[in-house]
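For reference, the structure is listed below as structure tokens.
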Amino acid sequence: INSFSTSNPIYKIEEFAFTDANSFYSFACDNVKFGEGVSVMRVLPYAFWNSKITLFRFPTRKVNNNNEAQLYIDIDDYAFFNSKNLASLDIPASTSTEKCLVRKFGKWCFAGCTGMASFDFRGRTLSGNHVLGVPEGAFAQCSNLQSVYFDDNAVDSIGSYAFYGTQLTSWC
């Protein structure tokens with residue numbers, strides 16, 4: 001399998017689903033249509049461990065009448081661990097009518113993703129009374145990582161080794 005694209009809702013990607021997938025380049029679910037109400041999309045531990053994936057594209061979701069997101073994303077421990085070719089993690093930016101928001105980062109979730117130069121989570125994480133912790137080892141050994149962007153007041157903690165072995169020059 002070289003790429004995976006779907007318009008069906010993916011609620012979770014199971015553990016080891018694409019582990020060691022050596023010819024797997026992209027996972028796109030940007031045209032997904034979820035049903036009514038709040039949904040959660042989870043990328044479980046080791047789902048893409050040591051895979052050759054280069055692009056992962058998350059879906060957007062319509063907001064409800066209170067301008068609240070209807071899709072939350074949980075990226076569990078080690079989800080993309082050692083996916084060295086991962087160069088693009090596409091979480092669509094929120095608009096007035098569509099948004100999906102990252103609710104959780106797991107420990108070591110992007111560790112060893114040496115292909116990433118930048119992560120941009122602006123407008124893509126919970127805000128207000130909800131904050132996001134950058135857990136232990138989250139971006140460790142992302143040797144080409146130079147910048148990470150979050151919204152103001154979106155991060156309340158940074159774990160041990162979170163940015164160990166990176167080239168981080170800009171935290172915004």
Considering only the range 4-25, state which residues are open to solvent by 60 Å² or more (accessible area, probe 1.4 Å), under 20 Å from Phe81 (Cβ atoms) and not aromatic (Phe, Trp, Tyr).
Lys12, Glu14, Glu15, Asp20, Asn22
Residue check for Gln167: within 23 Å of Phe48 (Cβ to Cβ), out of contact with any Asp or Glu (no Cβ under 7 Å at 6 or more places or on another chain) and at pLDDT 95 or above
no
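Would you mention how many residues in the range 157-172 are small (Gly, Ala, Ser) and exposed (fewer than 15 other Cβ atoms within 10 Å of the Cβ)? Explain how you work it out, then say what you get.
Taking the range 157-172 and keeping what is small (Gly, Ala, Ser), we get 157, 159-160, 162, 165, 170.
Then drop every residue that is not exposed (fewer than 15 other Cβ atoms within 10 Å of the Cβ), which leaves 157, 160, 170.
The qualifying residues number 3.
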Failed condition for Cys109, given (1) modelled with pLDDT under 85; (2) out of contact with any Cys (no Cβ under 8 Å at 6 or more places or on another chain), with all others met?
(1)
For the range 78-116, give me the residue count where each residue is open to solvent by 50 Å² or more (accessible area, probe 1.4 Å), assigned to a loop (DSSP other than H, G, I, E, B) and either touching a Ser or Thr at 6+ places or on another chain (Cβ under 7 Å) or under 16 Å from Ala138 (Cβ atoms) (or both).
7
Those residues of the range 122-145 which are modelled with pLDDT of 75 or more and open to solvent by 20 Å² or more (accessible area, probe 1.4 Å) amount to Arg122, Gly123, Arg124, Gly133, Pro135, Glu136, Gln141, Ser143, Asn144
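The values are calculated or read from the model by the stated rules, or taken from the named source; none is laboratory data. This one's a predicted model, so the numbers in the text were calculated from it and none came from an experiment. Every residue, glycine among them, receives a Cβ derived from its backbone with ideal geometry; neighbour counts consider all protein chains shown. Side chains included, ligands, DNA and RNA excluded: accessible areas come from the protein's heavy atoms. Shrake-Rupley method; radii C 1.70, N 1.55, O 1.52, S 1.80 Å.
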